[in-house]
Amino acid sequence: VALSGAASADPHPDAELIIEGELNVKVRAEPAAHLDGAVPEIYSGWLFRTDETRSLQMDDFENPAMLGVEAGQDAWNTVEGAAGKSCADCHGDAAESMKGVRAVMPKVNDNGDLWSTEDYVNNCRTERMEADALKWNSGDLNNMVAYISVQSRGMPVAVQIDGEAEPFWERGKDMYYTRFGQLELSCASCHEENYGMNIRADHLSQGQINGFPTYRLKQGKLISTHNRFRGCIRDTRAESFAMGSQEFRELELYVASRGLGLDTEGVAVRN
Amino acid sequence: AGASASAEVKPADLVWEDEIAIPASLSGTAGDPAKGAEVLVKRSLGNCVACHENSAMPDVAFQGNVGPSFDGVGARWSEAELRGIVANAKQVFPGSIMPVFYNDNPDDYIRPGDAYTAKAYNPETFTTLLTAQQIEDVVAYLTTLTEY
Ligand code: HEC
Ligand code: HEC
Ligand code: HEC
């Protein structure tokens, strides 16, 4: 029991994430300049998991998140809505049209709003397919985002944080350092100041989102970035924010930018 | 809970000494170390072992290490200081990530919630993380941890 600490205290020193024996996904990086030395190195959450969990993500047949990717692929090719169109009708082969898309999300759209991948999907559904919007964090939406994410696998996180994105990014940063709830804990309390440590049974990572949507073994399903944020804020005994809220899009942008230098994992497995 | 209302010190009325110690009992009833040990471990109570290791409890699984080990804590700090730390760690260690266990004022928090429901707090039920007596019990237990 006393081992809970030292035995698993650090990110794995030298594990490499190589998917299907060929695609090397970068899981350690020099911190982006904007982090101003807050952490000495950037680590994917993958490095904080057990050998067994890590190995699941190296093999697509073992990776349970790939079932969601397959379901997303089916949906990509399925006609839905009054306009009688599928995603493929307009975007063709996702391997080409969606390559690199997840790596730059969330991003500012043509109207100047900050949108997550989910918003782009739902906008196409409602405006272009005349179908219903999918519920945030629903299986169908997470599957589609997973299918889109897999097309950016191994590509560097490339969110824009300056120019028109900057005010959103600044607000996300404020939120990251806000000590929410009756426990008065910020994201930084756990993921910047104490990564590598244990909070009860949980081994704290840097809370990166380059692997999202992520298959959580504990929940037995894919979860979205905003679902994770919601849970982490709830655990401070706070009134959390809604998934899909403006606050969470801004937080998503800021947290994504803390992972600049890492590669997009294109659907991770975590415990 | 068991103490009479008159003997209990309300969170707003805590009397500090040297800014880090609270000499007077919060409940007026002596703490019970056995109950304190339970508060230390139970997730629904103090869940102190989420952040602190305690070698005196080798059977308790998954002890955290975000805070210092409890080993020898009763030798490092007096009873009054331990009461101060548990009641309001941020008074004793400014900026600490350790929660304040004895404050019932929702206005001191940002988006205080209704426990772990993710919903807004209920003004009727919002209360301290631990009762006065639970704090006395934990302090009584911590004073027994004099070995390193
Ligand atoms: C009727 C045509 C049409 C359909 C059907 C359609 N889209 Fe789109 N989609 C567009 C257009 C046009 C854009 C905006 C231009 C662009 O960025 O490619 C867009 C943009 C996107 C983007 C943002 C891409 C980026 O780089 O910013 C995503 C993601 C997306 N669509 C996903 C989907 C998905 C998933 C479906 C099916 C559920 C779908 N689309 C259905 C036409 C369509
Ligand atoms: C009380 C501690 C605590 C706080 C505060 C906290 N988290 Fe977490 N978070 C955890 C734990 C425990 C996990 C699961 C283990 C891990 O990956 O760190 C986790 C996981 C995550 C993950 C998943 C990482 C991965 O690789 O799968 C993300 C993302 C995350 N947190 C973001 C945040 C953000 C953003 C905030 C602030 C809004 C926050 N967390 C606040 C404890 C916390
Ligand atoms: C979220 C983490 C966290 C929780 C939960 C927590 N503590 Fe702490 N505690 C700390 C940290 C961190 C310190 C070190 C002081 C500082 O912040 O610099 C500390 C310090 C202490 C100290 C002084 C230790 C020493 O050796 O100097 C005592 C005593 C203590 N805590 C008791 C408790 C008790 C009792 C509980 C539960 C009722 C508890 N703590 C819950 C994080 C925590």
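The values are calculated or read from the model by the stated rules, or taken from the named source; none is laboratory data. Because the structure is predicted, anything quoted here is derived from the model rather than measured. Every residue, glycine among them, receives a Cβ derived from its backbone with ideal geometry; neighbour counts consider all protein chains shown.
Observations on the model:
- Criterion (modelled with pLDDT of 95 or more, within 11 Å of ligand 3 (Cβ to nearest atom) and assigned to a loop (DSSP other than H, G, I, E, B)) met by exactly one of B:Y102, B:Y141, B:Y148: B:Y102
- Reported count of residues in the range A:201-215, each being of a type outside the set (A, V, I, L, M, F, W, C), within 8 Å of ligand 2 (Cβ to nearest atom) and more than 10 Å from the chain's Cα centre (by Cα), is 4.
- Test result for A:K135, without any contact (Cβ under 8 Å) to a residue 12 or more places away in the chain and either of a type in the set (K, R) or closer than 19 Å to A:E252 by Cβ (or both): yes
- Count - residues of the range A:79-113 that are more than 16 Å from ligand 2 (Cβ to nearest atom) and in contact with a Leu (Cβ under 9 Å, 6 or more places away or on another chain): 2
- Flag for A:A88 being hydrophobic (A, V, I, L, M, F, W, C) and not in a helix (DSSP H, G or I): no
- Residue count for the range A:22-45, restricted to those that are surrounded by 14 or more Cβ atoms within 10 Å (Cβ to Cβ) and part of a loop (DSSP other than H, G, I, E, B): 6
- In the range B:34-44, the residue that is nearest to the other protein chains (Cβ to nearest Cβ) out of those that are within 17 Å of B:A132 (Cβ to Cβ) and crowded, with 18+ Cβ neighbours inside 10 Å is B:L40.
- Looking across A:G266, A:G259, A:G196, A:G207, one residue alone is under 24 Å from A:T53 (Cβ atoms) and either in contact with an Asp or Glu (Cβ under 6 Å, 6 or more places away or on another chain) or without any contact (Cβ under 8 Å) to a residue 40 or more places away in the chain (or both). It is A:G196.
Let's see how each residue does on (1) of a type in the set (D, E, K, R); (2) within 16 Å of ligand 3 (Cβ to nearest atom):
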{"site": "A:I161", "(1), (2)": "no, no"}
{"site": "A:E164", "(1), (2)": "yes, no"}
{"site": "A:P167", "(1), (2)": "no, no"}
{"site": "A:R179", "(1), (2)": "yes, yes"}
{"site": "A:F212", "(1), (2)": "no, no"}
{"site": "A:F241", "(1), (2)": "no, no"}
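- Scanning the range A:108-117 for residues being near ligand 1 (Cβ under 9 Å from one of its atoms) and either within 18 Å of A:R153 (Cα to Cα) or in contact (Cβ under 8 Å) with a residue 60 or more places away in the chain (or both) gives a total of 2.
- Selected residue [crowded, with 19+ Cβ neighbours inside 10 Å and within 12 Å of another protein chain (Cβ to nearest Cβ)] from B:P106, B:P58, B:P112: B:P112
- Matching residues, the range A:98-149, being crowded, with 16+ Cβ neighbours inside 10 Å and among the β-branched types (V, I, T): A:V101, A:V104, A:V108, A:T117, A:V121, A:V145, A:I148
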